[in-house]
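The values are calculated or read from the model by the stated rules, or taken from the named source; none is laboratory data. Computed from a predicted model, the values in this text were never measured in an experiment. Backbone-built Cβ (ideal geometry, glycine too); neighbour counts: all protein chains shown.
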Amino acid sequence: MLSLNVRNVVKRTISRVLFSSATTSTKEAVKDPVQEASLKEKCFLVDEHDKIVGQASKKECHLVQENDYIPLHRAFSVFLFNKKGDLLLQKRSSHKLTYPDCYTNSCCSHPVANYEGEDEEEDAIGIKRAAQRRMNYELGIPKEQIPLEKLHYITRIWYKDTGNGKWGEHEIDYVLIFQDNVKIKPNSNEISAYSFVPREELDSYIPTLDGPLTPWFSII
């Protein structure tokens with residue numbers, strides 16, 4: 001069962017991050033063939049009620065267009081805690097096309113049409129499948145250590161950020177919490193550093209980071 005302490009840590013972290021986030025990096029990401037290939041995956045376009053209205057490539061969903069238009073699409077953010085209640089924070093790789101070298105929560109990505117069942121909406125099961133897939137890909141956690149029933153859907157947010165003016169985000173973002181001790185082998189193409197932060201040190205840890213926070217982590 002998910003502990004109340006973990007839920008409270010998320011709430012405190014949310015409150016603190018709102019007031020401590022740095023300006024989004026304007027650094028232009030170095031083109032990377034793996035990251036470029038991922039831009040062909042199909043995200044789910046949604047309306048203001050989070051109903052799927054179509055599909056578009058990740059590239060189309062993240063390029064800032066005329067008048068700062070970015071298509072609204074579905075995403076998720078996972079907060080991973082170990083059994084002690086320590087929160088895993090990661091630093092995004094410099095290879096990332098969106099928000100490179102920014103600090104963020106444990107795992108953030110999108111459900112995509114390329115994988116069966118990630119559009120299924122009952123009990124946010126499609127989102128949970130996508131989260132399981134990306135936690136395996138980004139963090140190297142074996143899928144058997146990420147049972148879907150341990151991924152707890154908490155809430156969702158709607159936000160927009162134009163990033164560096166070329167790549168940005170416009171998402172309805174599902175917030176998930178996962179708590180367990182797991183094996184981690186991070187993918188260096190996705191993550192340059194990570195750390196488990198004890199809850200009693202979160203207040204002092206966030207201001208010491210040597211880079212900005214991602215916009216979704218700043219406002220969740």
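Here are the numbers for the structure shown:
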{"item": "Restricting segment 43-68 to residues that are surrounded by fewer than 18 Cβ atoms within 10 Å (Cβ to Cβ) and of a type in the set (Lys, Arg), the residue that is farthest from GLU190 (Cα to Cα)", "result": "LYS51"}
{"item": "Unmet requirement for LEU4, which otherwise passes all of (1) surrounded by 15 or more Cβ atoms within 10 Å (Cβ to Cβ); (2) at pLDDT below 95; (3) closer than 30 Å to PRO207 by Cα", "result": "(1)"}
{"item": "Counted residues, segment 96-134 - those being in a helix (DSSP H, G or I), aliphatic (A, V, I, L, M) and out of contact with any helix residue (DSSP H, G or I) (no Cβ under 8 Å at 6 or more places or on another chain)", "result": "4"}
{"item": "Filtered residues of segment 65-95 (kept if in a loop (DSSP other than H, G, I, E, B), more than 23 Å from PRO212 (Cα to Cα) and in contact (Cβ under 8 Å) with a residue 24 or more places away in the chain)", "result": "PRO71, LEU72, ASN82, LYS83, LYS84, GLY85"}
{"item": "Segment 69-81: number of residues that are surrounded by fewer than 16 Cβ atoms within 10 Å (Cβ to Cβ) and closer than 14 Å to SER109 by Cβ", "result": "0"}
{"item": "Residue match in segment 203-212 (condition: of a type in the set (S, T, N, Q), surrounded by fewer than 16 Cβ atoms within 10 Å (Cβ to Cβ) and more than 14 Å from the chain's Cα centre (by Cα))", "result": "yes"}
{"item": "Members of segment 138-185 found to be part of a loop (DSSP other than H, G, I, E, B), in contact with a Lys or Arg (Cβ under 7 Å, 6 or more places away or on another chain) and surrounded by 19 or more Cβ atoms within 10 Å (Cβ to Cβ), listed by number", "result": "ILE141, LEU151"}
{"item": "Lone qualifier among LEU88, LEU97 - being at pLDDT below 95, of a type in the set (A, V, I, L, M) and within 24 Å of ALA193 (Cβ to Cβ)", "result": "LEU97"}
{"item": "Residues that are of a type in the set (Phe, Trp, Tyr), under 24 Å from ILE157 (Cα atoms) and in contact with an Asp or Glu (Cβ under 6 Å, 6 or more places away or on another chain), drawn from segment 181-220", "result": "TRP216"}
{"item": "Residue in segment 46-64 that is nearest to the chain's Cα centre (by Cα), counting only those that are more than 17 Å from THR98 (Cβ to Cβ) and in a strand (DSSP E or B)", "result": "VAL46"}
{"item": "Pairs, first over 9 Å from ASP86 (Cα atoms) and part of a helix (DSSP H, G or I) in segment 190-209, second among the aliphatic types (A, V, I, L, M) and at pLDDT 90 or above, C-beta under 6 Å, six or more apart", "result": "TYR205/VAL197"}
{"item": "Test: residue in segment 112-122 that is within 13 Å of the chain's Cα centre (by Cα), surrounded by fewer than 23 Cβ atoms within 10 Å (Cβ to Cβ) and more than 18 Å from LEU87 (Cα to Cα)", "result": "no"}
